[in-house]
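The values are calculated or read from the model by the stated rules, or taken from the named source; none is laboratory data. Keep in mind that this is a model prediction, so the values were computed, not measured. So basically every Cβ, Gly included, is an ideal-geometry build from the backbone, and we count neighbours across all protein chains shown.
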């Protein structure tokens, strides 16, 4: 009797294993999420709903390892032949490295690409994601335009009734703040060589003047040099007058030690907990990056976008690619899914209609600080596309911006040195 | 007899195989792979793997980032070594002077070693921040707030002292075991001959601690060539590469610029530097030991 029970159990297990294997072999795929709990929650939810509607698919959602970095995790997985079918958390610079290594699938060659772009209403936003060969290898998921926050309550106390828009106006306000022992800006990262910091201190201001003039094209510097010099000069002037502090002050902006700061939408959930008095329109206000007075009217008013998307890996089997592509198309076919994304992660989805689509209206009404981000999505420029992005931005910091902020080089000298260092990298 | 020897040999091999397998898989193979990578320009995934001969080694020799990384360990060492020796010896002597609860005290001083470098860096970041109580006191005295992490010499000081804080409890344990193995008769004889505490310390304690001191010196000097978390968290290697270390450069080249071959060549230089410096320190320590009656 016992033997019979055991044999029955064994048979059942075998059938189950077989069933799972068949299912896995048919339409299964692994999808890696960013190592961020809220993003994991979203993708798990999406996979569950998708598989409920499409029981023939098996989408396994796993977080990618964070250490030593998500990029290193992806590289080692590809090198070891264990890459998933798709993953998110890819910015265009790293995407270029993967693209140069033939590791990605051109998404615009897959069935339903045009319909997907139309369904997600991102015909404009997708344009800046084209790779040098004209194909699209990354589907952008979210874009964080970097805006500047002003402490309007402190400006009022300083007797300033309008938010400064130009470098010259900022210098005047900074002087008033200094008289009250406040700093215009507190940013220790301004003198740190970490390459990604240049996104937030240099490229935000650079794009505001130059628009989307590419910083690098192919292996050549094609930057708007006048714009670079104007940005460097602005930082030089601020540093010379000691209006900016490059030492650490925890939460300098919400505590009111600094009156101006670059801000991404990721700060607001933390503020709600720790600084509930920080209310958009009452204590602070968000603006686009400033420009020099003489550029008023001609500057494009763009800003930098900290944006990431998803890719399909060429290494995955055709079946897995097809399965994950079906899943991705399903996820981005409904604006309600983008709403869930925004509710779960507080990151603005890449859509041309984010500010106007009624699906998002209620959520944005409850989170007014996110409205300026939604409105500026169209003006937000993603990082430049080059596989040596890290070296280039490190050189820009070490030879250019950092010596300028430390008053060790004139803006002209700093740009000449940075250009020489970048050219050396490009010619390597 | 032969069968017995064979049996013993087999048993020996069985004991050794796990360690050998571990060493081959996690040390020998990566080491050989790393050596092969040195001669290529490759990001680990590209179908194109360019053979560059000695190019990576030459480039590393000419890189100012590598030059900075080669100098930084010595700058940190100049502060770290005296600081950690004084602190750990002091802790060991203090613990040894207690008759009871030595274990509890030792654990208390050992705790910073167990704490993660990241969390310790955050604590230090708070301590040196512009508005910290420490800086308020200092600015009241000297009239300004020092830029601890933005001034090259101060940034080195902060990092060296932070590492010393972390490791002093660990090294104190080594010194403590050394202290406890010194025969008390030596101190009694010295006392009869009229030697005071300070003289006893330098003439008896320190020479008798030679084995412990030797271990600590080798560990501490080797540690200087593997510093990563503290500068990564606090300074990013700045200002002006003043705190840029070997591991920061290897990490940057391997995981930011994705140049595995170049990173391997820097790792090779790092290994050579450790080998040479530890060799020199070993010889100095052995000479000091011999001068105090210890044999090699």
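Structure notes:
- Condition met for residue A:301 (under 25 Å from residue A:354 (Cα atoms) and part of a strand (DSSP E or B)): no
- Of the listed requirements (1) away from chain A (no Cβ under 14 Å); (2) at pLDDT 95 or above, residue B:208 misses just one: (2).
- Qualifying residue in segment B:277-285 (condition: within 11 Å of chain A (Cβ to nearest Cβ) and either surrounded by 18 or more Cβ atoms within 10 Å (Cβ to Cβ) or within 16 Å of residue B:163 (Cβ to Cβ) (or both)): no
- Selection status of residue A:75, surrounded by 22 or more Cβ atoms within 10 Å (Cβ to Cβ), modelled with pLDDT of 90 or more and within 12 Å of another protein chain (Cβ to nearest Cβ): no
- Qualifying residue in segment A:312-327 (condition: away from chain B (no Cβ under 14 Å), surrounded by 20 or more Cβ atoms within 10 Å (Cβ to Cβ) and not in a helix (DSSP H, G or I)): yes
- Restricted to segment A:42-148, the set of helices (runs of 4 or more DSSP H) holding at least 1 residues that are in contact with a strand residue (DSSP E or B) (Cβ under 6 Å, 6 or more places away or on another chain) and under 30 Å from residue A:205 (Cα atoms) comprises A:70-79, A:92-100.
- Residue count, segment A:85-104 (criterion: in contact with a helix residue (DSSP H, G or I) (Cβ under 6 Å, 6 or more places away or on another chain) and closer than 18 Å to residue A:426 by Cα): 2
- Residue, surrounded by the fewest Cβ atoms within 10 Å (Cβ to Cβ), within segment A:57-72, restricted to residues that are closer than 12 Å to residue A:35 by Cα and at pLDDT 85 or above: A:62
- Being surrounded by fewer than 22 Cβ atoms within 10 Å (Cβ to Cβ), closer than 30 Å to residue A:71 by Cβ, touching a helix residue (DSSP H, G or I) at 6+ places or on another chain (Cβ under 8 Å) and within 14 Å of another protein chain (Cβ to nearest Cβ) holds for only one residue in A:194, A:219, and it is A:194.
- Residue check for residue A:296: surrounded by fewer than 23 Cβ atoms within 10 Å (Cβ to Cβ) and within 23 Å of the chain's Cα centre (by Cα): no
- Taken over segment A:156-191, the criterion of being closer than 21 Å to residue A:306 by Cα and touching a residue at least 24 places away in the same chain (Cβ under 8 Å) is satisfied by A:185, A:186, A:187, A:188, A:190, A:191.
- Filter pass, residue B:256 being buried (at least 18 other Cβ atoms within 10 Å of the Cβ) and within 14 Å of chain A (Cβ to nearest Cβ): yes
- Boolean, residue A:37 is surrounded by fewer than 16 Cβ atoms within 10 Å (Cβ to Cβ) and modelled with pLDDT of 85 or more: yes
- Of all residues in segment B:42-59 being more than 31 Å from the chain's Cα centre (by Cα) and outside any loop (DSSP other than H, G, I, E, B), the one that is nearest to residue B:256 (Cα to Cα): B:50
- Output for segment A:335-386, where each listed residue is without any contact (Cβ under 8 Å) to a residue 40 or more places away in the chain and not in a helix (DSSP H, G or I): A:354, A:355, A:356
- Considering only residues in segment A:222-249 that are at pLDDT 95 or above and touching a strand residue (DSSP E or B) at 6+ places or on another chain (Cβ under 6 Å), the one that is surrounded by the most Cβ atoms within 10 Å (Cβ to Cβ) turns out to be A:245.
- Number of the condition not met by residue A:239 [criteria: (1) within 14 Å of chain B (Cβ to nearest Cβ); (2) outside any helix (DSSP H, G or I); (3) in contact (Cβ under 8 Å) with a residue 24 or more places away in the chain]: (2)
- Across segment A:268-293, the number of residues qualifying as under 17 Å from the mean Cα position of the chain (by Cα) and in a strand (DSSP E or B) comes to 0.
- Subset of segment A:164-191 (residues that are away from chain B (no Cβ under 14 Å), crowded, with 17+ Cβ neighbours inside 10 Å and part of a loop (DSSP other than H, G, I, E, B)): A:164, A:184
- Residue identified as at pLDDT 95 or above, surrounded by 18 or more Cβ atoms within 10 Å (Cβ to Cβ) and outside any helix (DSSP H, G or I) among A:265, A:254: A:254
- Within segment A:405-422, the residues that satisfy the criterion of being in a helix (DSSP H, G or I) and within 14 Å of chain B (Cβ to nearest Cβ) are A:405, A:414, A:417, A:420, A:421, A:422.
- Taking (1) touching a residue at least 60 places away in the same chain (Cβ under 8 Å); (2) within 17 Å of the chain's Cα centre (by Cα); (3) not assigned by TED's automatic domain parsing to the domain that holds residue A:297 in turn, residue A:130 satisfies each apart from (1).
- Single condition residue B:125 does not satisfy, out of (1) closer than 30 Å to residue A:407 by Cα; (2) crowded, with 18+ Cβ neighbours inside 10 Å; (3) away from chain A (no Cβ under 14 Å); (4) more than 19 Å from the chain's Cα centre (by Cα): (3)
- Options A:392, A:402; residue that is within 12 Å of chain B (Cβ to nearest Cβ), touching a strand residue (DSSP E or B) at 6+ places or on another chain (Cβ under 7 Å) and either part of a helix (DSSP H, G or I) or at positive phi (or both): A:392
- Of the criteria (1) more than 14 Å from chain B (Cβ to nearest Cβ); (2) surrounded by fewer than 22 Cβ atoms within 10 Å (Cβ to Cβ), which one residue A:149 fails: (2)
- From B:161, B:154, residue being touching a helix residue (DSSP H, G or I) at 6+ places or on another chain (Cβ under 7 Å), at pLDDT 95 or above and either surrounded by fewer than 20 Cβ atoms within 10 Å (Cβ to Cβ) or on the phi > 0 side of the Ramachandran plot (or both): B:161
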